[in-house]
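Colleague: Okay, here's the structure, questions in a sec.
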2 protein chains.
Amino acid sequence: MRRDIFQAIADPTRRAILALLAIHAMTPNALAEHFNSTRQAVSKHIQILAECEAVTQTQNGREIYYHLNANKMKEVDQWLDTFRKIWEDRFDQLDDVLKDL
Amino acid sequence: MRRDIFQAIADPTRRAILALLAIHAMTPNALAEHFNSTRQAVSKHIQILAECEAVTQTQNGREIYYHLNANKMKEVDQWLDTFRKIWEDRFDQLDDVLKDL
DNA sequence: TTTATTTGCAACCGATTGGTTGCAAATATA
DNA sequence: TATATTTGCAACCAATCGGTTGCAAATAAA
């Protein structure tokens with residue numbers, strides 16, 4: 001079961017979980033309240049996010065707080081670099097057009 | 001069959017196709033030569049990329065050239081904004097630590 | 001015209017996905 | 001101690017995924 005961040009963010013529920021954890025760390029129960037599916041379904045999503053290190057956990061008694069690992073998101077950011085170069089090139093081409101006006 | 005860019009980039013073969021098309025437009029046959037799977041498998045990936053508008057096509061006789069739509073990648077870039085703010089905050093915190101040294 | 005090339009589409013297949021229910025373990029509360 | 005809460009894990013299920021082969025249509029080349 002090879003997990004990577006790209007597979008993790010493919011699911012909209014998991015992206016929503018990451019967005020919620022960006023605000024503050026939460027327990028699985030607290031997270032599950034934001035969705036229509038069962039706690040166990042949400043827990044599965046959390047597990048997938050944990051497997052690819054997109055979230056970390058700290059235990060406090062019987063409660064487990066899940067934290068966003070924002071650094072993992074940088075992997076996606078780095079992957080975008082290839083395409084960012086193209087945006088910039090396109091922008092340069094637009095400059096070429098504009099300077100002749 | 002709702003397709004979005006996040007589902008499209010979840011597969012490593014599709015990410016490789018996007019990287020190849022970032023260099024220059026290619027036909028399905030030319031793309032397929034870069035992979036171990038069949039042309040039809042690669043064609044299916046192309047179709048998924050086309051459905052979410054990550055690639056566009058131009059026909060030239062019986063050949064179809066697929067082009068990267070780099071603008072679509074910006075959607076991922078925009079999604080990252082939420083987390084980029086956190087990187088910056090962390091960076092600010094690091095600054096706070098460093099200024100006391 | 002006949003033959004070869006390029007492509008898309010359909011059918012099929014095993015593995016994975018995202019969901020469910022049920023249950024056991026650990027911790028907190030009455 | 002007895003009960004309630006929080007959580008993870010396992011089993012199961014229908015749908016989707018990523019791959020295959022086979023085939024037909026369109027275009028190019030002999």
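Just so it is clear, none of the values below were taken in a lab; they were calculated from the coordinates. What you see is a predicted model; the values in this text were computed from it and never measured. All Cβ positions, even for glycine, are placed from backbone atoms using ideal geometry, and neighbour counts span all protein chains on display.
Colleague: Taking the conditions exactly as written (touching a Lys or Arg at 6+ places or on another chain (Cβ under 6 Å) and of a type in the set (D, E, K, R)), does B:E53 satisfy them or not?
Modeller: yes
Colleague: Starting from residues that are more than 8 Å from DNA strand D (Cβ to nearest atom) and closer than 13 Å to B:R3 by Cα, keep the ones in segment B:34-54 and report whichever is nearest to the other protein chains (Cβ to nearest Cβ).
Modeller: B:A54
Colleague: Report, by residue number, each residue of segment A:1-51 that is in contact (Cβ under 8 Å) with a residue 40 or more places away in the chain and surrounded by fewer than 14 Cβ atoms within 10 Å (Cβ to Cβ).
Modeller: The answer is A:M1, and nothing else.
Colleague: Give me the residue from segment B:5-49 that is of a type in the set (A, V, I, L, M, F, W, C) and assigned to a loop (DSSP other than H, G, I, E, B) and, out of that set, nearest to DNA strand C (Cβ to nearest atom).
Modeller: Ranking the qualifying residues of segment B:5-49, first place goes to B:A10.
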